Amino acid sequence: MPHIVFDKKNRELVTPSKYEDFSFDFVAKSYDFTNKPRKPEYKIAVKKDNKKFFLTLKQKGENSLLKVDKVTRISPVQIVKDAINSYAKVVDANIVFSNTQNFNQKIKPDEKYLKDIDFFINDFKTDKELQIEIGFGSGRHLLHQAKTNPHIQFIGLEIHTPSIEQLLKQIRIQNIENILVVSYDARLFMEFINSNKVGRIFVHFPVPWDKKPHRRIYSNAFINEALRVLKKDGTLELRTDSRKYFDYCTNLLTNLPKGKIVIDINKDLQISSKYEDRWKKQGKNIYDVTLYCDQEDKDIDLNYDFNFDEDIQFDNIIKNLPSKAIIEDDYFVHIEDIFIIENRTNSGLIQVTFGSFDRPLNKYILVEDKKAGYFQDLPLPSSANIKAHKKLKEILKDDRS
Ligand SMILES: C[S@@+](CC[C@H](N)C(=O)[O-])C[C@H]1O[C@@H](n2cnc3c(N)ncnc32)[C@H](O)[C@@H]1O
């Protein structure tokens, strides 16, 4: 996580202001909402082009720690590093520690093949069938698929920077036109794809995470999202050398209300990945479990209007916000924190977790000029998010009248 620690700043940040590529729009300070004493924490609103996010500034011992705010974190991470460095220059900070300077890890932005997540939320349209490879590693399988299926649009997901660089290089050398690469956690990516669009999802040799099962790609939530984005007869294909992971996934997949599974052992594919070669040499078994999607899913209603009522007096409503979670059968709403924007009246941020229990959303609601709205993007219009939003709307009603 990019961050810096500094012991002193020689100037104050003035907001709104601009420095290098960044606008610093406002600073909001934590409000003692839960009555638990704590050190003040600040959210610094930063904008570059159409991307906005917060940096978190808090005390760390005698020093100050500046890092990215987890909720509004954006990709590529380079933007966040640059923003932290810009802030440090604006306030002329005496830096004690920094991991925001790059030496050799930087991936050069490549508009054509390497896309960030916003592209998939705002701009991505194709009439082609989609196929997705999760954790493509060396990229051998993905390159093979793309070359043999030029009519398919492939999306490669990876979180390991050197693997992404290696694949981008090969895409350019081999002149491949039908792969888009995203550096994003595959467990969260599917949310941004429309229903019934994907023909195949490949998960080949995922990290088994025997000691940290919560980090595994496969979970009930992941499988449900996969089924939603898969076309009818589309497949989610796991290939693994780990008997434990195979058993875990098979167990999840056999308990589904829909879909059907096919299991294979030591099946030969046209192309063998680097990991596969290694396991085969060691004489290990290779397990395949393929989930077939057997029905169409409802398209997500991308038009639901996540608005709030007009005329919201921030200073009034924060006095009555519930500090305990509101839990209903199929959704919940929990106000986590409140921040008051400095040098502005009646304005602030409400940090809230809400939606379904499997896939809670964490967001900020920005209230300014008596209007409230979600900071950054809107929630995905799942039924749990819509119900939670309606509850939030009720909570944020100003009851002065
Ligand atoms: C064991 S390697 C397998 C690579 C390749 N599929 C192969 O068969 O050679 C697993 C890969 O998954 C990637 N990975 C792990 N967790 C991920 C996640 N949540 N989202 C996307 N990629 C992930 C890792 O960076 C790693 O490159």
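The values are calculated or read from the model by the stated rules, or taken from the named source; none is laboratory data. Note that the structure is a prediction, hence the values are computed from the model and not measured. Cβ atoms come from the backbone with ideal geometry, glycine included; neighbour counts cover every protein chain shown. Side chains are part of the model used for accessible areas, which takes the heavy atoms of the whole protein and leaves out ligands, DNA and RNA. Shrake-Rupley method; radii C 1.70, N 1.55, O 1.52, S 1.80 Å.
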- Would it be correct to say that residue 228 is within 11 Å of the ligand (Cβ to nearest atom) and either farther than 14 Å from residue 133 by Cβ or hydroxyl-bearing (Ser, Thr, Tyr) (or both)? no
- Message: Cβ-Cβ distance below 9 Å, separation of 6 or more or different chains: which pairs start in region 151-176 with a residue that is free of Cβ contacts under 8 Å to residues at least 12 places away in the same chain and end on one that is away from the ligand (no atom under 11 Å from the Cβ)?
- Response: 162/105
- Query: Can you name every residue in region 237-263 that is in contact with a strand residue (DSSP E or B) (Cβ under 6 Å, 6 or more places away or on another chain) and either more than 21 Å from residue 136 (Cα to Cα) or free of Cβ contacts under 8 Å to residues at least 24 places away in the same chain (or both)?
  - Reply: 250, 253, 259, 260, 261, 262, 263
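Okay, residues lined up against (1) away from the ligand (no atom under 14 Å from the Cβ); (2) part of a loop (DSSP other than H, G, I, E, B); (3) under 30 Å from residue 351 (Cβ atoms):
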| position | (1), (2), (3) |
| --- | --- |
| 71 | yes, yes, yes |
| 126 | yes, yes, no |
| 146 | yes, no, no |
| 171 | yes, no, no |
- Task: Quick one: in region 177-216, of everything that is touching a residue at least 60 places away in the same chain (Cβ under 8 Å) and open to solvent by 40 Å² or more (accessible area, probe 1.4 Å), which residue is nearest to residue 287 (Cα to Cα)?
- Result: 207
- Note on the structure: The lone condition residue 50 fails out of (1) buried (at least 17 other Cβ atoms within 10 Å of the Cβ); (2) in contact (Cβ under 8 Å) with a residue 40 or more places away in the chain; (3) within 20 Å of residue 20 (Cα to Cα) is (1)
- Query: Applying the selection to region 217-241, what residues are open to solvent by less than 20 Å² (accessible area, probe 1.4 Å) and either outside the structural domain of residue 260 (by TED's automatic domain parsing) or part of a loop (DSSP other than H, G, I, E, B) (or both)?
  - Reply: 218
- For region 192-249, how many residues meet the condition of being of a type in the set (S, T, N, Q) and over 23 Å from the mean Cα position of the chain (by Cα)? 3
- Query: Any idea which residue in region 195-216 is nearest to the ligand (Cβ to nearest atom), counting only those that are part of a loop (DSSP other than H, G, I, E, B) and farther than 24 Å from residue 140 by Cβ?
  - Reply: 212
- Note on the structure: The lone condition residue 273 fails out of (1) among the small types (Gly, Ala, Ser); (2) in contact (Cβ under 8 Å) with a residue 60 or more places away in the chain; (3) surrounded by fewer than 17 Cβ atoms within 10 Å (Cβ to Cβ) is (3)
- Task: Please verify whether region 75-91 includes one or more residues that are open to solvent by 40 Å² or more (accessible area, probe 1.4 Å) and free of Cβ contacts under 8 Å to residues at least 12 places away in the same chain.
- Result: no
